[in-house]
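I have placed the structure first, in the form of structure tokens, so that the comments after it can refer back to it.
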Amino acid sequence: MASRPPADVLAAGGIDARWSRTVQVGPRTWHLLDNAPTLQAEPVGTLLCVHGNPTWSFLWRRLVAAGAREERPWRVVAVDQLEMGFSERTGEQHRLAGRIADLGALTDHLGLAGPVVTVGHDWGGLISLGWALDHPDLLAGVVLTNTAVHHDLDDPLPGALRVATAPGVLPAGTVTTPAFVEATLALARPRLERAIADGFRAPYRTADRRAGIGGFVADIPATADHPSRPELDRIAAGVRGLDVPALLLWGTHDPVFSARYLRDLRERLPHADVHRFEGAGHLVVEDEDVAGAVLRWLDAREVPASSPATDEPYRALGATLVERADDDGTALIELAGPRSRRVTWAALAARTDQLARGLAASGVRPGDRVALLVPPGADLTAVLYACLRLGAVVVVADAGLGVQGLTRAVRAADPTVLIGIEKALVAARWLRWAPTLVSAGPLRAGVARTLGVSASLDDLAALGRAANGDLPWPDADADAAVLFTSGSTGPAKGVVYTHRRLAAMRDVVARTYDIGPDSPLVAVFAPFVLLGPALGATSASPDMDVTAPGTLTASALAEAVRAVDAAVVFASPAALRSVVRTADGSELAALAGVRLFLSAGAPVGVDLLEAAATLMPSAEAHTPYGMTEALIVADVSLDELRAVGTGDGVCVGKPVPGVRVALSALDADGDPTGAPDTVPGATGEVLVAAAHVKERYDNLWITQQASARDAGWHRTGDVGHLDDDGRLWIEGRLAHVLVTADGVRTPVGLEQRAQTVDEVVSAAVVGVGPRGAQQIVVVVQPEVYSHGPVVAEPDLAAAVRAATAGTDVAAVLVVEHLPTDVRHSSKIDRSRVAAWAERVLAGERARL
Amino acid sequence: MLGRAVADRLVADGHEVRTLQRSPSHVAGAQDVAGSVTDPDVVRAAVRDREAVVHLAAQVTITGPFEQFEAVNVGGTRLLLEHAREAGVGRFVHVSSPSVAHHGRSLVGAGAGPADPHHARDSYARTKAAGELLALAAHDPDGLRVIVVRPHLVWGPGDAQLIGRIVERARAGRLPVLGDGAALIDTTYVDNAVDALVAALHADPRAYGEPYVVTNGEPRPVVELLAGICAASGVPMPRRHVPAALARGAGSLLDAAWRTFPMPGEPPLTRFVAEQLSTAHWFDQRRTREALGWTPRVGLDEGLSRLAGWTARQASAAAP
């Protein structure tokens, strides 16, 4: 017989006792959770939740509770499968088909009316899909979390299951001891609270209560002749025909249902919305707010695109290259001492065309993802435009993310092919970044074999030369590229661009800075390096370590400018700083012809622009404001910066033509709840609308939903205000806003004032204590660090407080070095500083 | 110090004030009752025909027999509450301490947690916690209304409790900084505490029946506070840094030594004091300020400069 869980188990899980009941269906009794008795209004529909092995309906407790909300509630029915949880122990071996039929009999008995959305985890995902296929009239959607519907017999089972299904292990691991239950609970990240773990254990305290766990594992159809194999095959095939909305919520650290199962499901349900929870595990339903995600998804099936489609005529990013296929003029110059290269438009166009055809001939299809781990230069340019020509989606992650960040980023994008230099291929091989590897340069045969590299770019080009026939251009609104954020607030996020949006990115650069065939350029900032050929501009890259902008010397810049007679220079603040530092006057003649230089990638001080301007006296100095999700939003010139002076934040200028900026005002809790508005002076989250804004975040449905919640706008996560003249001032990141008892404060303006103190090189303003009652702390990096106490000496503290007068500063702390982001080494990692200050000021010992 | 200041203020505000102290208070304009809060007759006489009682009497030493703390902080409170109710007193402001809810860990933007006589850290805090629970239990919205105010580390010119101890130790070169002295500590300048108690006396009746922590709302690293107080008092600043864990251990040892072999005076460092000086203690003041309709008038810097002025006047008065 089924039973109801003990009261303390229900209480530990926050489960209303009225939701728990037993149901008799034919000879069998089931236990289930059903929030119908407590619903205040007519439900929108029903969520049918099916747990896996060895959990029970307890897994869905938060969804059962969340569904019972006041407005637009959902009835949530979470069943305990037979032999599992608190449902009946019959002693029978259930097969997949039988379990699906049993579930159908139960829902018939419950009289579930449509619309029904199935929700499944682990092997419950498979069973829920079986039910879904059998009830097309009721079915309105499917939600799947870390599960699988198909297992290729040629592939080994996941390691964990291989062990559990091994002869002799099965009974011991699953039934006679609680090992399988404990191993599953141990997969929670972070660890489960004791009371919750006990809740999961409650129905499986004794060996006879655990028989079903062994039976479940024994029903995994790992071989062709397994009795459940036909049903598995039926479901795996049937899922391809499901056209209801689908949501895949996935924990990325699952030793059982790894990335390949997500890939398989996405391939079968190409229309599914996907959110990968980076760092969450097999028990993703425990690790993350899955209940909130499901309800949000139900509330808004359609994710609005970031910006309205543009009316501008579409011209593919690669169009210029094709038009100049017969041009023997210089497209690129790569300066690298004796290994310097000059590439003509004709050669670049030919190489691009060959690579595109070679990729196609080797099986890469439009829509396939190709990761490019090649440093900026002619090779990257050619293969990038080749992929765009073919319609393969380029995944561009930069080495600045570090190996761990890179691994996360590439795995999240899940490319089928990876093209890289040897160093990248080694990592790609061992960290399993992609199934197929292509080498950017020639490799020795032995190395290629060891790394499992299937071809080199030269091989592909040769293949492409032999191929002929039509190569259709990809659709303008198909995915074109996945770029990555710098990850200064959490793991780097993938950002998807369509071909149309990439083209708009080119157009906004051309329009804003008047760049075209007549403006040769030197670029040491990655996005602009790659845009050169699209703009029709001849470009040169200086002799330097492209992964370390601080290695650019003034003479190397002068050499590059001279090589193409450059009119425009794009650089990052770190590169400019290095140029200023290494200048000795000898480069002045070469740099005299530059008409425009840009410092891009991070906010920059007037003093650095001034110093750089003395090296390029005829150039206008500009600094664009933008982000991975919108390359250029606003722009400000040095002259304008001088004229506006100081204010609360960094002035980034007026929105560039074609871009609209609005603010979503912060409320008293520091949350950006205001509707998009352009009232001067009001501090809020910066919202951007433009044709070149990202299409969406990649495999981050929830994040995309949040960033696009105002139709047509992209939420940037930056906080700032507009002044009376429509200039945008950035005051910090939304995540770094301080909420004190006296109100909401932003860090950048205070940091700038603290930096006016002579001894202070840089400063970070962070809050400690609970939000709403935070105290403000200024952490400074002094000119001379003396390994003294962490609390600033009275004189320095007094000077900083005087500079920030009007704000109560609880403490001034001194550190040797403020941590900065990897990519630009100029944005201070305030989150890290805040976590450190929180501990130090609580009297603990902590290292920054 | 706080009791006298409150009495002075209430007299100045035109109230008819009676003080109960062990020895006559000599507050100008107030009527003196001398005696102990543990003496029923004294207490009865003190609260007779009063509209309100502000209860500041407490055993505040750092060491001493538990029974002594209990008699004053619990027994005295019980007597006052009983007789106040009998006398028809309408308002009872019970002055408590944030230490009644402190378990030894850092308090970072904390609220007024429930008083906990079992886990509070020393005899003073435990008995004050019990007294506070008695006071809140006696709250009657239609009769004797009780409000609990917990000022944190009250200081000001002439204060012997905090300033006196710091100055004395600094002068003797025995004022160590525990750890790196970064723990944030919030304090209360005496005038602000007086304002808060008077505000509590006049607070909206709906604010009664609850405890409120009162501070300046300006936490500072402990080393900065000590340096500020020393500078304002004309004594050398603390320079010696002692590892916090070591200090807590030494405090425990000295606690035990003083319990086993009663010695005159206070131990140089108790575990309680070591904890107080090496962990953060600051509070979320929003609820207090809203409920009492009060904000601190004297900022930390202004308080320190008043302390410095007082020190200078003392020095010139003492000069021949």
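Each value in this text was obtained by applying a stated rule to the coordinates, not by laboratory testing. It should be emphasised that the depicted structure is a prediction, and the values quoted were computed from it without experimental measurement. Neighbour counts run over all protein chains shown; Cβ positions are idealised from the backbone, glycine included.
Determine the sum of side-chain charges near A:Gly214: Lys and Arg each +1, Asp and Glu each -1, restricted to other residues whose C-beta is under 12 angstrom from that of A:Gly214.
Values: positive: A:Arg209, A:Arg210; negative: A:Glu83, A:Asp208, A:Asp219.
Net local charge, A:Gly214 excluded: -1.
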Once all Cα-Cα distances of the protein assembly as shown are split into 10 Å bins that start at 0, what whole-number percent is in each one? 2, 8, 14, 16, 16, 16, 13, 8, 4, 1, 0, 0
Roughly what would the spin-label model give for A:Asp518 and B:Gln161, points 7 Å off Cα along C-beta, in nm? 8.1
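For peptide B:223-233, what's the mean number of Cβ atoms from other chains within 10 Å of each residue's Cβ? Write out the running numbers ahead of the final one.
Values: counts 5, 8, 0, 0, 4, 1, 0, 0, 1, 0, 0.
Going residue by residue through B:223-233 and averaging, the value is 2.
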Ordering of A:604-616, A:138-150, B:24-36 by burial proxy (mean other Cβ atoms within 10 Å per residue, highest first): A:138-150, A:604-616, B:24-36
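How many percent of DSSP beta bridges within segment A:358-507 run antiparallel, rounded to 5? Mind showing how you got there, number by number?
Details: 5 of 23 bridges.
Antiparallel: roughly 20 percent of the beta bridges in segment A:358-507.
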For a quick protection proxy, order the peptides A:410-418, A:706-714 by their average other-Cβ count within 10 Å, most packed first. A:410-418, A:706-714
Which ³J(HN,Hα) values, rounded to whole Hz and listed in residue order, are derived for segment B:282-291 from phi using the Karplus coefficients 6.51, -1.76 and 1.60 in 6.51 cos²θ - 1.76 cosθ + 1.60 with θ = phi - 60°, glycine and proline given as x? 8, 10, 7, 8, 4, 5, 4, 5, 6, 5
Amide H proximity to B:Val214 below 5 Å, modelled H, separation 5+ or other chain, gives B:Arg150, B:His152
Using Cα pairs closer than 8 Å and at least 6 residues apart in sequence, work out the relative contact order for segment B:2-311, in percent. 18
Proximal aspartates and glutamates to A:Lys423, defined as alpha-carbon separation beneath 17 angstrom and excluding residues fewer than eight positions away on the same chain: A:Asp379, A:Asp398, A:Asp545
Lys/Arg Cβ at +1, Asp/Glu Cβ at -1, dipole of segment B:1-142 taken about the Cα centre: which of B:Met1, B:Val74, B:Gly14 is farthest positive-ward? B:Met1
Inter-label distance, nm, simple model (7 Å from Cα along the C-beta direction), B:Glu51/B:Arg85: 2.3
If the reach is capped at under 25 angstrom between alpha carbons, list the lysines near A:Lys694, excluding any in the same chain fewer than eight residues apart. A:Lys493, A:Lys654, A:Lys827
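Dipole of segment A:181-258, Cα-centred, from +1 at each Lys and Arg C-beta and -1 at each Asp and Glu C-beta, to the nearest 20 debye?
Details: 10 positive and 10 negative charges, 58 e Å.
Using Cβ point charges on Lys, Arg, Asp and Glu, segment A:181-258 gives about 280 debye.
What number, in percent, do you get for the relative contact order of segment B:1-111 if the mean sequence gap of Cα pairs under 8 Å and at least 6 apart is divided by its residue count? Spell out each step's value before the answer.
Numbers: 128 pairs, mean separation 24.7, N = 111.
Relative contact order here is 22 percent.
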Taking the mean number of other Cβ atoms within 10 Å as a proxy for protection, how do you rank A:449-456, B:148-155, A:759-766, A:680-687 from highest to lowest? B:148-155, A:759-766, A:680-687, A:449-456
Calc'd 3J(HN,Hα), segment A:110-117, phi into Karplus 6.51 cos²θ - 1.76 cosθ + 1.60 (θ = phi - 60°), Hz, glycine/Pro = x, comes to 6, x, 4, 9, x, x, 10, 10
Within segment A:24-88: Cβ-based charge dipole about Cα centre, in debye rounded to nearest 20 (Lys, Arg +1; Asp, Glu -1): 140
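Given a Förster distance of 35 angstrom, what is the FRET efficiency for A:Arg581 paired with B:Asp301, based on the Cβ-Cβ distance and rounded to 0.05?
Values: r = 41 Å, r/R0 = 1.18.
With R0 = 35 Å, the Cβ-Cβ based efficiency is 0.25.
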At a Förster distance of 45 Å, what's the computed FRET efficiency of A:Glu312 paired with A:Ala802, Cβ-Cβ distance as r, to 0.05? 0.30
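Taking N as the number of residues in segment B:2-311, what is its alpha-carbon radius of gyration divided by 2.2 N^0.38 Å?
Details: Rg = 19.1 Å, N = 310, 2.2 N^0.38 = 19.5 Å.
Rg over 2.2 N^0.38 Å, computed on Cα atoms: 0.98.
Let me check I've understood the local charge: for B:Ala52, count other residues with C-beta under 14 angstrom from its C-beta, Lys and Arg +1, Asp and Glu -1. What total comes out?
Net of charged neighbours comes to +3.
Is there a simple number for the mean count of other chain Cβ atoms within 10 Å of the Cβ of residues in B:176-184, and what is it?
Details: counts 0, 2, 1, 6, 8, 4, 14, 7, 11.
For this peptide, the per-residue mean of nearby foreign Cβ atoms is 6.
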Exercise: per-residue mean of other protein chain Cβ atoms within 10 Å, B:106-113: 4
Can you tell me the length gained on complete extension of the stretch A:Asp742 to A:Thr547, counting 0.36 nm per residue apart and subtracting the Cα distance? 65.8 nm
Projected label distance in nm at A:Ser454 and B:Phe66, using a 7 Å step from Cα toward the beta-carbon: 7.8
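For A:Ala172 and A:Ala101, what is the calculated FRET efficiency with R₀ set at 35 Å and r taken between the beta-carbons, to the nearest 0.05?
On the way: r = 31 Å, r/R0 = 0.88.
The computed FRET efficiency comes out at 0.70.
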If amide H atoms are modeled at 1.01 Å from N in the peptide plane, then the residues at a separation of 5 or more from A:Ala455, or on another chain, having amide H under 5 Å from its own are A:Ser439
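Sum -39500 (n - 2.57) across every DSSP H segment of at least 4 residues in the protein assembly as shown, then divide by the residue count to get the 222 nm mean residue ellipticity, nearest 500. All intermediate terms of the calculation are to be shown ahead of the outcome.
Working: 42 runs with 411 residues, N = 1168.
Calculated mean residue ellipticity at 222 nm is -10000 deg cm²/dmol.
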With contacts defined as alpha carbon pairs under 8 Å and 6 or more residues apart, what's the relative contact order of chain A in percent? 8
Under 5 Å between amide H atoms, partner at least 5 residues away or on a different chain: which partners does A:Val50 have, H built in plane at 1.01 Å? A:Val119, A:Gly120, A:His121
16 Å reach of a label modelled at A:Val244, 7 Å along Cα-to-Cβ, counting backbone N of segment A:65-85: A:74-79
From phi via Karplus (6.51, -1.76, 1.60), per-residue ³J(HN,Hα) for segment A:733-743 in Hz, x at Gly/Pro: 8, 4, 5, 10, 5, 9, 10, 9, 5, 8, x
